[in-house]
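Quick notes on the structure that follows.
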Amino acid sequence: MRDRFPTIASVVILAGLVIGTWFAAEHTQRAVTLDAPAKQTHEPDSWGKVMLMLRTDENGVPISRIEGDYMEHFPDDDSYDIRYPRAMSIKPGQPTLVGTSKLATVLDDGNRIIMKQDALVMRLASDTTEPLNVSSNEITLLINEDVAYTDLPATAVRNRSTLKGVGMRYDNKTGELKVFDSTDVEIAPRARQAQPPATEKKP
Amino acid sequence: WSQNALLSASSQDKEEPATQILSNELTYDEKTKTSVFSGEVIMTRGLLKLLADELRLTEDAEGYQYGTASMDERKRVYIRQDRPESFEVLEGIGERAEYDGRAETFDLIGKARLTRFICGKPFDSISGERVRYYQKTDRYQAFSGPNSDNPDGRVRSIAQPRAKVDAAIEACRKLQASGADIPTPPAPKP
């Protein structure tokens, strides 16, 4: 038994050392408050005045153009805020869409442009179509899909018709305008022509 | 074969009214210049009102509109033309209605019936497979056919004697003079 004593003693001492070290580490961990991971706040890292942003397709053909009086870039979501923007969808072969508002937020590499406060999207006239204006408090432009939509009350004016409704979606490729709820359309009378209208013969 | 019954009312040259259309949804197609209104459609054009489940409106190059109104359920398309100056209301129903903005005519098609109310009471009525109403000249015309509202597809027309009509108008005029409300047939809910 006597000659085993040193072995047992060293094992006990080692176990004590391990438990003690573990306990000290735990205690230290709890005692010192670690810094929270750096939270990225939505703050600009760059800004500029009188800006112009041009986006092209894979062949280098411009498909959208955004001008504005003042721009800020936010690294946390890679977005831009632009004051008094003029956003244009200028895809070849499609009528041009022009969006204006007081403020715009550009997201998804410039594909999604949220026009806010007095937003107005104009589809310019072409040789087969009259101009179409859609106004609302907020309108989103999707450049790749060539679509403008809003979920808010909106008014569309085209030729003699004024369309009001809640929620609108205009697809520039198909030329289709959808109004999702509470549609109210007012079609002004046609301008009277010079010659008298065809009258019905009395029997 | 078609039997033509032409009933006429007085005609005036009217200023072209604006058209207002209310509905739950609208899809407008720029390429075909077609608007499809769906869900509780109420179209008002001057004193003319149309109720339907769906209204498909197209426009020609000169801006004239052409519409087709239809119903989803069993109910029928309803049109109503008020003529306050003679205390008249024209009410028409049919499975489908077609509107021609150039000729300013309305066709009720399929079990079609048009009733003229004076002072809120039904007086003349005309029914057939198709009833055409000329908005400009206030004339209406009925055509027979297999889908007529009457047995054996014929046109049926009931016209009250002129004296009775005049008496009803006179009664209404007195009501109006006394400041009472002029009775009119209730319009169905869309």
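Key figures
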{"read-out": "Sparse-neighbour loop sites [GluC sites (Glu not before Pro); the stretch A:37-115; at most 14 other C-beta within 10 Å; DSSP]", "value": "A:58"}
{"read-out": "Unsatisfied cross-links (Cα-Cα over 26 Å) in the set A:102/A:164; B:33/B:111; A:173/B:75; A:116/B:31; B:49/B:111", "value": "B:33/B:111; A:173/B:75; A:116/B:31"}
{"read-out": "Where chymotrypsin sites (Phe, Trp or Tyr not before Pro) in DSSP loops with at most 15 other Cβ within 10 Å are excluded, longest remaining stretch of chain B", "value": "B:65-190"}
{"read-out": "Shielding of A:164-177 by partner chains, average beta-carbon count, 10 Å", "value": "3"}
{"read-out": "Within the protein assembly as shown, helix-based [θ] at 222 nm, where runs of 4 or more DSSP H residues each add -39,500 (n - 2.57), nearest 500", "value": "-4000 deg cm²/dmol"}
{"read-out": "Nearest-10 value in Å² for the accessible area of residue B:32, using the 1.4 Å probe", "value": "80 Å²"}
{"read-out": "log₁₀ of I(q)/I(0) at q = 0.11, 0.12, 0.14 Å⁻¹ - the protein assembly as shown, Debye sum with one point per alpha carbon", "value": "-0.89, -0.98, -1.16"}
{"read-out": "Candidates per GluC sites (Glu not before Pro) in the stretch B:13-63, loop by DSSP, up to 16 other Cβ within 10 Å", "value": "B:15, B:62"}
{"read-out": "Residue of B:168, B:18, B:97 that the Gaussian network model of chain B assigns the largest fluctuation, springs spanning Cα pairs under 10 Å", "value": "B:18"}
{"read-out": "Protein accessible area in the stretch B:96-159, 1.4 Å probe - carbon and sulfur %", "value": "47 percent"}
{"read-out": "Buried solvent-accessible surface, both chains (A, B), 1.4 Å probe, Å² to nearest 100", "value": "2700 Å²"}
{"read-out": "Alpha-carbon centroids, the stretch A:85-160 and the stretch B:29-59: separation in whole Å", "value": "25 Å"}
{"read-out": "Prolate/oblate/rounded label for the stretch B:57-190 (Cα gyration tensor, a/c 1.5)", "value": "prolate"}
{"read-out": "Efficiency of FRET between residue A:3 and residue A:26 - r from beta-carbon atoms, R0 45 angstrom, step 0.05", "value": "0.75"}
{"read-out": "Quarter of Cα convex hull surface for chain A, i.e. mean projection, nm²", "value": "27.0 nm²"}
{"read-out": "The protein assembly as shown, accessible area per residue, ligands and nucleic acids excluded (1.4 Å, Å²)", "value": "55 Å²"}
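The values are calculated or read from the model by the stated rules, or taken from the named source; none is laboratory data. Just so we're clear, the structure is a prediction, and the values are computed from it rather than from any experiment. Reconstructed Cβ throughout: ideal geometry from the backbone, glycine too, with neighbour counts over all protein chains shown. Each accessible area value is taken on the protein alone, full model and side chains, heavy atoms only, with ligands, DNA and RNA left out. Shrake-Rupley method; radii C 1.70, N 1.55, O 1.52, S 1.80 Å.
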